[in-house]
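Input: a single structure, listed below in structure tokens.
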Amino acid sequence: MKRPDFSQVADFIVGDAQADRMVPPTGITARLTLLSAAAMAFLAVFALALSVATGRMADRWGEELARSSTLRISAPADQIDAQTQAALRVLEQTPGVASARALSDEEQRALLEPWFGPDLPVETLPIPQLIEVIETADGYDAQGLRLRLSAEVPGAVLDDHTRWRRPLVSAASRLRLLGWVSIGLIFGAMAAMITLAANAALAANAQVIAVLRLVGARDSYIAKAFVRRYTLRTLTGAAIGVVTGIGAILLLPSAQTTGGFLTGLGFRGAGWLLPLVIPLLAALVAFLATHLAAARTLRELP
Amino acid sequence: MIELENVAMSYGGGELLSDISLQLAPGSFHFLTGPSGAGKTTFLKLCYAALMPTAGHVRLFDTDVRAMDRDDIALARRRIGVVHQDVQFLDHLPVADNVALPLTVSGRDTLDESVNLRELLSWVGLKARADALPPELSGGERQRAALARAVIMSPDVILADEPTGNIDWEMSQRLLQLLVELNRMGKTIMIATHDLNLIRAAKGQVQARVLRIAGRRLQLAGADL
Ligand SMILES: Nc1ncnc2c1ncn2[C@@H]1O[C@H](COP(=O)(O)OP(=O)(O)OP(=O)(O)O)[C@@H](O)[C@H]1O
Ligand SMILES: [Mg+2]
């Protein structure tokens with residue numbers, strides 16, 4: 001593979017002042033290109049923030065989902081041990097259950113502590129026994145398990161978290177997908193917009209191009225004047241848009257994120273660097289779009 | 001330099017030019033005449049690869065134009081100076097920059113050539129108009145600027161399509177003088193023109209051959225012009 005030649009990139013950005021003068025300046029197209037690139041980049045920042053945030057949410061919920069469900073056994077004090085044993089036996093035989101474990105008194109006390117304080121005499125209270133059930137990847141048949149339990153362990157209630165979390169996780173994943181699709185559409189629209197602007201500029205400068213060609217300019221020389229302009233213009237516009245977009249996200253009122261359904265719209269840590277890719281990608285899109293448009297125009301000329 | 005072998009050309013209808021063969025030898029001086037619409041401009045366009053022949057072979061500097069890619073054609077054009085019949089310029093740049101355009105696009109340092117450029121502009125009588133924009137020029141001034149642009153690269157071949165169409169006799173003589181001098185320096189010259197007086201004037205100074213397009217063919221015109 002060819003190593004990228006950075007001196008060429010530098011040359012491209014610095015440009016050839018002479019070559020640049022060959023194409024007359026275009027006031028209104030230039031400003032419109034800059035403006036649209038900025039607007040697209042601004043939108044792209046939000047789409048990216050949405051994707052990242054919903055991705056984070058889906059991952060977290062997905063993880064918790066995989067972890068556990070709870071079996072609660074409420075029975076008169078003298079039967080509770082027997083029922084617990086029976087329930088554990090049932091669970092052991094249930095396909096899809098990786099492990100099941102009755103919580104110890106200490107653990108139950110720890111769970112209740114936030115509500116009742118540390119001195120709660122758990123042993124003397126008729127609180128239900130909790131059994132933590134860990135599923136395998138395939139999961140178990142909750143309906144079947146309930147039926148069996150109702151026959152063998154009358155005091156057992158299966159608390160299946162997955163039932164309400166699963167649709168939320170899939171909604172979050174769908175939202176993330178939507179975010180990425182939006183980013184794709186934004187870049188597609190940006191490519192179309194730049195192609196239109198470049199085509200307009202090429203058409204408006206048909207005479208310039210024909211003259212340059214007749215006096216012996218190579219296609220690459222002519223194309224470069226246009227490609228460079230549109231690439232740098234898009235890069236500048238997109239940079240402005242991204243900075244504005246990040247600013248807007250920073251100004252969002254921060255949401256309560258710990259343990260809630262909502263995770264704040266935004267980036268975390270190194271994730272803040274992610275939007276910086278947008279201007280580069282936009283410049284690349286502009287480069288390719290203008291390059292193709294110029295090549296198409298030049299091919300028609302003798 | 002430029003060689004045509006059994007060339008035919010048509011714009012889609014009937015053939016405009018048929019079975020044309022010609023070799024432009026280095027240092028030769030040709031006039032090209034013929035009635036309006038006979039195909040003089042078309043002929044010259046074949047010579048700088050702005051048109052591809054519909055039959056036969058055109059060779060520029062010993063390479064068939066059909067075997068040349070677009071960059072090859074661009075490079076060949078740097079060795080062929082052309083004065084176009086409908087001269088076009090970059091209208092947003094001053095005359096001096098337009099004349100220097102072939103140097104600029106071929107990456108030559110225009111500063112090195114600035115003395116050359118000034119001399120050339122005064123030769124064609126445009127010194128005072130160097131900073132004017134092309135749309136501000138008169139028809140004759142445009143043609144003189146076009147000639148200056150055609151010769152600034154010191155090309156091997158100069159093709160001029162009606163270079164004296166819009167200028168008075170005195171200026172025509174001066175342009176002819178410039179071309180004759182370039183020819184004495186070894187350049188190959190071809191001038192398409194209606195102006196028989198110009199041809200006669202040239203004949204006193206150089207050994208010029210006169211070609212005529214008639215009936216789709218290229219003929220060597222008699223010496224009795
Ligand atoms: N691009 C074109 N498409 C179709 N027909 C063309 C084209 N260019 C020229 N022609 C036709 O070809 C014929 C020759 O044109 P050309 O310009 O070569 O004539 P010319 O000898 O230079 O004439 P003039 O002395 O008036 O400049 C004309 O009849 C013209 O209408
Ligand atoms: Mg003509």
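One table, with the values for the structure above:
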quantity	calculated
Every residue from the range A:197-222 that is more than 11 Å from chain B (Cβ to nearest Cβ) and among the aliphatic types (A, V, I, L, M)	A:Ala197, A:Ala198, A:Ala200, A:Ala201, A:Leu202, A:Ala203, A:Ala204
Some residue of the range A:140-155 being under 30 Å from A:Leu265 (Cβ atoms) and either in a helix (DSSP H, G or I) or among the basic types (Lys, Arg) (or both)	no
Residue check, A:Val227 surrounded by 22 or more Cβ atoms within 10 Å (Cβ to Cβ) and within 14 Å of chain B (Cβ to nearest Cβ)	no
Contacts under 6 angstrom Cβ, first residue in the range A:231-256 being modelled with pLDDT under 90, partner assigned to a loop (DSSP other than H, G, I, E, B), 6 or more apart	A:Ile249/A:Gly266; A:Ser254/A:Gly264; A:Ala255/A:Leu262; A:Ala255/A:Gly264
Residue within the range B:172-189 that is within 16 Å of ligand 2 (Cβ to nearest atom) and crowded, with 21+ Cβ neighbours inside 10 Å present	no
Hits in the range B:22-39 - residues which are assigned to a strand (DSSP E or B), more than 16 Å from B:Ala76 (Cα to Cα) and out of contact with any Asp or Glu (no Cβ under 6 Å at 6 or more places or on another chain)	B:Leu22, B:Phe29, B:His30, B:Phe31, B:Leu32, B:Thr33
Condition broken by B:Ile80, with the remaining ones in (1) surrounded by fewer than 22 Cβ atoms within 10 Å (Cβ to Cβ); (2) touching a residue at least 24 places away in the same chain (Cβ under 8 Å); (3) among the hydrophobic types (A, V, I, L, M, F, W, C); (4) out of contact with any helix residue (DSSP H, G or I) (no Cβ under 6 Å at 6 or more places or on another chain) satisfied	(1)
Meets criteria (within 11 Å of chain A (Cβ to nearest Cβ), of a type outside the set (Ser, Thr, Tyr) and surrounded by fewer than 17 Cβ atoms within 10 Å (Cβ to Cβ)) for B:Asp109	yes
Set B:Thr63, B:Thr54, B:Thr42: member being touching an Asp or Glu at 6+ places or on another chain (Cβ under 9 Å) and either within 16 Å of ligand 2 (Cβ to nearest atom) or free of Cβ contacts under 8 Å to residues at least 40 places away in the same chain (or both)	B:Thr63
Any chance A:Val181 is in a helix (DSSP H, G or I), in the same structural domain as A:Ala286 (by TED's automatic domain parsing), free of Cβ contacts under 8 Å to residues at least 24 places away in the same chain and farther than 30 Å from A:Phe42 by Cα	no
Test for B:Thr104: is it within 11 Å of another protein chain (Cβ to nearest Cβ), hydroxyl-bearing (Ser, Thr, Tyr) and surrounded by 21 or more Cβ atoms within 10 Å (Cβ to Cβ)	yes
Filtered residues of the range B:1-21 (kept if assigned to a strand (DSSP E or B), more than 14 Å from ligand 1 (Cβ to nearest atom) and either touching a Leu at 6+ places or on another chain (Cβ under 7 Å) or of a type in the set (D, E, K, R) (or both))	B:Ile2, B:Glu3, B:Leu4, B:Glu5, B:Asp19, B:Ser21
Complete set of residues in the range B:1-19 that are in contact with a strand residue (DSSP E or B) (Cβ under 9 Å, 6 or more places away or on another chain) and within 16 Å of ligand 2 (Cβ to nearest atom)	B:Met9, B:Leu16, B:Leu17
Condition met for B:Ser28 (away from ligand 1 (no atom under 16 Å from the Cβ), polar (S, T, N, Q) and in contact (Cβ under 8 Å) with a residue 40 or more places away in the chain)	yes
Residue check for B:Gly222: of a type in the set (Gly, Ala, Ser), more than 14 Å from ligand 1 (Cβ to nearest atom) and at pLDDT 90 or above	no
Flag for B:Glu136 being more than 14 Å from chain A (Cβ to nearest Cβ), among the acidic types (Asp, Glu) and closer than 24 Å to B:Leu93 by Cα	yes
Total residues in the range A:190-207, condition surrounded by 22 or more Cβ atoms within 10 Å (Cβ to Cβ) and of a type in the set (A, V, I, L, M)	5
Residue match in the range B:144-162 (condition: more than 13 Å from every other protein chain (Cβ to nearest Cβ), within 16 Å of ligand 2 (Cβ to nearest atom), under 26 Å from B:Gly34 (Cα atoms) and assigned to a loop (DSSP other than H, G, I, E, B))	yes
Selection count, the range B:78-98, where residues are away from ligand 1 (no atom under 16 Å from the Cβ), more than 10 Å from chain A (Cβ to nearest Cβ) and aliphatic (A, V, I, L, M)	2
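The values are calculated or read from the model by the stated rules, or taken from the named source; none is laboratory data. The model shown is predicted, which means the values in this text are computed figures rather than measured ones. Neighbour counts run over all protein chains shown; Cβ positions are idealised from the backbone, glycine included.
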